[in-house]
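The values are calculated or read from the model by the stated rules, or taken from the named source; none is laboratory data. Predicted model only: the values in this text are computed from it and were never measured. Cβ coordinates were reconstructed from backbone atoms using ideal geometry, including for glycine residues, and neighbour counts include every protein chain displayed. The protein model used for the area step is the full one, side chains on, heavy atoms only, and it has no ligands, DNA or RNA in it. Shrake-Rupley method; radii C 1.70, N 1.55, O 1.52, S 1.80 Å.
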Amino acid sequence: MIARVIGKATLVFCAACVLMPLLWTLMNAFKVNADLLTPVPKFVFEPTFDNIAYVLSRRSVFGALYNSLIICLSAVGIGLVLGLPAAYAIARYPNRITREIQFFVLSLRFLPPVAIAIPFMVIWLNLGFYDTRLSMIVTYSLITTSIAIWLSIPGFQSVPKEVEEAARVDGYGPYAVFFRVALPVAMKALMGALAFSFVLVWNEFMLALMLTASNAKTLPLVASEMSQQGLNVPWGILNAAVVLLSIPPLLLLGLLGNFLNRAFAQKRR
Amino acid sequence: MVKHREEYLVKRNTCLMLSAASAAVIIAAQSAAAQQVCTSDLKILAQPQTGLATTESFAQEFRGLSGVGFQVDYLNENDRRARSQADASIIGSYNVYYVDEANLAQFASSGWITPLLDHYPAEYDFDDFDPGRRATATYDGQVWFAPITGGGDLMVYRTDIFSAAGVEPPKTLEELFAVVEAIHDPSNGIYGFALRGQRGSGANVWRWMPYFRGFGGEWFNVDGTPAFNSDAAVRATETYLRLFEYSPPGTRTGSWDESTGAFNSGQVALIVESAPLGGMSLNADASNVSDKVAFGIPPEPLTGGGYAHGFAIGTRGNASAADRDCAGLWIAWATSKENELRRLAAGQSGELNRTSVFNSPEFSEAFGEALPAALEATSAVTKVNFWQNEKWPDLGNRWGIILEELITGQRTDIQDALDELEAYAIQITAN
Amino acid sequence: MNRQSSLPFVFLVPTIALLAILALTPTLYALSMSFTDRSLFSPDFNYIGFENYLQLWSDRRFLNSAVVSVKWEVITVTGTMILAVGLGVLMFECASPRARNIYCLIFLIPVLLPRVCAAFVWKFAFHPLYGIVTYPYRAITGKPLDLLADPTSALMVVAFVDIWQWGFFFAVIIVKLLESLPPQPIEASRLDYARPWQIHFYITIPMLRAPLISLALVKAIESLRSFDLIYVMTRGGPGISTETLDMYAFSQGFIESGKIGYASSIAVFMLILTIVAFTIIWKKVNK
């Protein structure tokens, strides 16, 4: 019984380890420096909205937010258009070739980002597309497509074959089966895969650092730049930038939790 | 306690806005007749300076002058150096770069920036800038940037701590050690001294060089071979490491921000830092010790590190002469006397560079007699400490990393560390 | 199902071709650059054969960064797995299904957080003077605690943040895996009065051996992406104590000297090592 109490206490402690630093950051976003830079942490203070206002008023932040949205959504869109059909083909036609393809797609994740970032930089410069949203979308679609394929295969595998058979008996061709049957049935699982790929590129840092200079800069870069400016910049502003950057991935929390539940519920069967 | 700087900024900015608006109306009226110099918004890469924020708040005025807006991207010093180097050499996404004494040779000799004065409107009076800074902005007979900040080194100390301990401001390095030892009291939150530990030719190496040069160190032997592992270098490094024992936490991996921040928040009794600290420490909005600081020149034999930072016209980012004129106009405007007076009014002494501003009644009113006198006196010991060469950034950064390893205790053999630097110097000077 | 259809070709060929182009072009380009003395600052370069690769072996910073990278992999993978298994079992044993769902959502948060943000949050939390983590130490001893400036602890602090991001996420997966196990063996051993830890140590964990190895492998692959954490928290410092291979390659190529040829050789070294190692391990594990 005592063990159980200790166990529960440990769980609560772990949850606090996750939530405390984040709540602390959120609080700091509403503090002035005098409340922030105190030897004893301050929990009661008079909130200020100047930090958030400053962050939102910077042209660089606004531009980066726009860039991040355009680049990430487009890359996820490409991942969807190219990745889902490929994942379906791999799921429905299991043979030696598709297994190799599946492994190839996974092995793309083995590539160290630095190994592709340096040459990509030179390539985009030579082509005249360096520091453009287009080049970032193309580069990121490498990530989104491979992740979308990898994570959607189980989703398509979970579509009962009988359902597809029935559709085929009704006279659907293989493409119609994909678009009208497999895709809608697997949709919920696929949303999670796409959400994961969105989070990955939204959070991506190293490629963005090397492949953009100013026009196509993404939000993680601007947040990191702000956080590196030193004490000359009020720390509250940095906290506000961090909060802004973290919101979109956290909005997807429910979707991703669901995706995991579904993935493992399927395993149980 | 650090004061509520943001609140202050907001309040001040509203006042400034009003005057900016009226100024903009006048200027817009003037320039309506003149031709528009600029066609598209300017991009500027800079490092954060409080005075620049003030200038930025007058963006409307520049729009009136030129017809376009501008965006300043801020990076910390080390990142600004790395990014501007990559950008100016192959990318060219910025119209104006923030350059400094240490990378001017590299930028100018590689053609990454364009000589300034061809595109600098004469009415902004370049010759009004402090002669020392003009000299630093000159390379190979040409002027390349208009200064935003600069100067030499200043010794700043706490009068309350000094009188409580009954010590006098040190005049020599021996006295410095004695004084620092006497007042160092970390258990009560008082540290004797503050240095920079963070890597970088403009960070830890910058503060180390006055010792190296002060002990008679030269970068090269008479025959032109590198002398980076000389006795002076060993002594300088030993001294630097010994002094670090009195430096507050956070400075071992920190730079200007951390060490001046520690001083301004009241943790440090004595500091030798770049001259803008003087005015900052007197500004009650940036400093908790504004009423108990005094100034002096760096103790013998330290040489003050003469420096200047400023804005230069990017070559790659400004294809046509008209583009360069536009960038030149922005530089002239941002470093104009009007903008310097605005910074002065806001108590931002670090970003002042013009003789006419230094000699103005507003200046002595704001900073009294002591600081101007100390600034005057320190210029006598100000020297160019670094090796003025395009290869200096590479070499200085290499030493910065090795020095950081020494400071944080990752390595201990000073001679071995300097031998490694020497080997690198031989390697890069060979080809 | 094996009816002849054009679908697999239409669905696979364009996608895989595009992925192959996007992945192979830069890799081959990196390989070719690694044989040059190319600099970021000038368009001219020479092919210098294996000189960059030979130079690597006498470069103490390269050797150091290889060691740091290996340390990083070992610390983060073992740390993540220990936290994940421990916490997964704890959730399985001590939390009601309802509470478990809430914990699972909470523990998903860290991995979703942009690494730049996680790095900043913890960097400030570990601040020697104002940090909330260092506060108890300051309050008790009256001294500041600067863990990120100490070469012996800096890597551990950065690794801690990485484990914080991944360990909780994997704990969620492990609890789902435990839930998916057949209940009979667990019930049987409970009737034998086995203690909970014995049940898990001798029965459930061995049953989950295969997925746990896969998880460790996934973590090892993801640990290669240490750059953002290190870049924001330490820049490879103090000194070179947290300088991993990718950080060093970036330093050489972009921060210090613009030697992108040399940086490419470091990147290629890393590339070959990881592809060979992970391909062998992955194929072996997924036999």
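For the reader, a short list of remarks on this structure follows.
Conditions (1) within 23 Å of the chain's Cα centre (by Cα); (2) of a type in the set (Lys, Arg); (3) within 14 Å of another protein chain (Cβ to nearest Cβ), marked per residue:
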{"position": "B:Pro361", "(1), (2), (3)": "no, no, no"}
{"position": "B:Ala366", "(1), (2), (3)": "yes, no, no"}
{"position": "B:Ala373", "(1), (2), (3)": "yes, no, no"}
{"position": "B:Phe386", "(1), (2), (3)": "yes, no, no"}
{"position": "B:Ile401", "(1), (2), (3)": "yes, no, yes"}
{"position": "B:Asp413", "(1), (2), (3)": "no, no, yes"}
{"position": "B:Asp416", "(1), (2), (3)": "no, no, yes"}
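- Odd one out for B:Glu273 among (1) charged (D, E, K, R); (2) in contact with a strand residue (DSSP E or B) (Cβ under 7 Å, 6 or more places away or on another chain); (3) surrounded by fewer than 21 Cβ atoms within 10 Å (Cβ to Cβ): (3)
- Among the candidates A:Val40, A:Val18, A:Val12, residue that is modelled with pLDDT of 85 or more, loosely packed, with under 15 Cβ neighbours inside 10 Å and not assigned by TED's automatic domain parsing to the domain that holds A:Ala182: A:Val12
- Condition met for B:Arg133 (open to solvent by less than 30 Å² (accessible area, probe 1.4 Å) and either modelled with pLDDT of 95 or more or in the same structural domain as B:Leu195 (by TED's automatic domain parsing) (or both)): no
- Restricting the range C:85-98 to residues that are without any contact (Cβ under 8 Å) to a residue 12 or more places away in the chain, part of a helix (DSSP H, G or I) and within 8 Å of another protein chain (Cβ to nearest Cβ), the residue that is least open to solvent (accessible area, probe 1.4 Å): C:Cys94
- Among the residues of the range B:136-172, the one identified as surrounded by fewer than 19 Cβ atoms within 10 Å (Cβ to Cβ) and basic (Lys, Arg) is B:Lys171.
- Exactly one residue out of C:Ile102, C:Ile109 is part of a helix (DSSP H, G or I), open to solvent by 50 Å² or more (accessible area, probe 1.4 Å) and within 10 Å of chain A (Cβ to nearest Cβ): that is C:Ile102.
- Counting only residues that are within 17 Å of B:Thr55 (Cα to Cα) and charged (D, E, K, R), the range B:315-335 holds 0 of them.
- Note on the range C:212-243: residues that are basic (Lys, Arg), more than 14 Å from chain B (Cβ to nearest Cβ) and open to solvent by 20 Å² or more (accessible area, probe 1.4 Å) amount to 1.
- C:Ile82 being under 28 Å from C:Asp162 (Cβ atoms), open to solvent by 50 Å² or more (accessible area, probe 1.4 Å) and either at pLDDT 95 or above or not in a helix (DSSP H, G or I) (or both): yes
- Residues in the range C:140-162 that are in a helix (DSSP H, G or I) and either within 11 Å of another protein chain (Cβ to nearest Cβ) or free of Cβ contacts under 8 Å to residues at least 40 places away in the same chain (or both): C:Ile140, C:Thr141, C:Leu147, C:Leu148, C:Ala149, C:Pro151, C:Thr152, C:Ser153, C:Ala154, C:Phe160, C:Val161.
- Restricted to the range B:315-424, the set of helices (runs of 4 or more DSSP H) holding at least 1 residues that are over 30 Å from C:Thr234 (Cβ atoms), open to solvent by 40 Å² or more (accessible area, probe 1.4 Å) and not basic (Lys, Arg) comprises B:321-334, B:337-345, B:355-358, B:361-367, B:370-378.
- Residue match in the range B:356-378 (condition: of a type outside the set (A, V, I, L, M, F, W, C) and modelled with pLDDT of 90 or more): yes
- Some residue of the range C:176-185 being open to solvent by 50 Å² or more (accessible area, probe 1.4 Å), among the charged types (D, E, K, R) and without any contact (Cβ under 8 Å) to a residue 12 or more places away in the chain: no
- Of everything in the range A:43-74 that is assigned to a loop (DSSP other than H, G, I, E, B) and away from chain B (no Cβ under 11 Å), the residue that is least open to solvent (accessible area, probe 1.4 Å) is A:Phe45.
- Among the residues of the range C:117-139, those that are free of Cβ contacts under 8 Å to residues at least 24 places away in the same chain and part of a helix (DSSP H, G or I) comprise C:Cys117, C:Val121, C:Phe124, C:Ala125, C:Tyr135, C:Pro136, C:Tyr137, C:Arg138, C:Ala139.
- Hits in the range B:79-105 (condition: buried (at least 22 other Cβ atoms within 10 Å of the Cβ) and either among the polar types (S, T, N, Q) or not assigned by TED's automatic domain parsing to the domain that holds B:Cys326 (or both)): B:Ser84, B:Gln85, B:Asn95, B:Asn103
- All positions within the range C:259-278 that are part of a helix (DSSP H, G or I) and open to solvent by 40 Å² or more (accessible area, probe 1.4 Å): C:Phe269, C:Ile272, C:Leu273, C:Ile275, C:Val276, C:Ala277
- Enumeration of residues in the range C:186-211 that are under 31 Å from the mean Cα position of the chain (by Cα) and loosely packed, with under 11 Cβ neighbours inside 10 Å: C:Pro206, C:Arg209, C:Ala210
Condition check ((1) at pLDDT 95 or above; (2) surrounded by 15 or more Cβ atoms within 10 Å (Cβ to Cβ)) across all residues:
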position: C:Met1; (1), (2): no, no
position: C:Phe9; (1), (2): no, no
position: C:Pro14; (1), (2): no, no
position: C:Arg38; (1), (2): no, yes
position: C:Phe41; (1), (2): no, yes
position: C:Asp44; (1), (2): no, no
position: C:Tyr47; (1), (2): no, no
position: C:Asn52; (1), (2): no, yes
position: C:Val74; (1), (2): yes, no
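- Evaluation of C:Ile255 against (1) assigned to a helix (DSSP H, G or I); (2) facing another protein chain (nearest Cβ under 7 Å); (3) open to solvent by less than 40 Å² (accessible area, probe 1.4 Å) (one fails), failing number: (3)
Matching residues to (1) more than 7 Å from every other protein chain (Cβ to nearest Cβ); (2) open to solvent by less than 30 Å² (accessible area, probe 1.4 Å); (3) without any contact (Cβ under 8 Å) to a residue 24 or more places away in the chain; (4) part of a helix (DSSP H, G or I):
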residue	(1), (2), (3), (4)
A:Ser107	no, yes, yes, yes
A:Tyr130	no, yes, no, no
A:Thr139	yes, yes, no, yes
A:Thr145	no, yes, no, yes
A:Leu151	yes, no, no, yes
A:Phe156	yes, yes, no, yes
A:Ala167	yes, yes, yes, yes
A:Val181	yes, yes, yes, yes
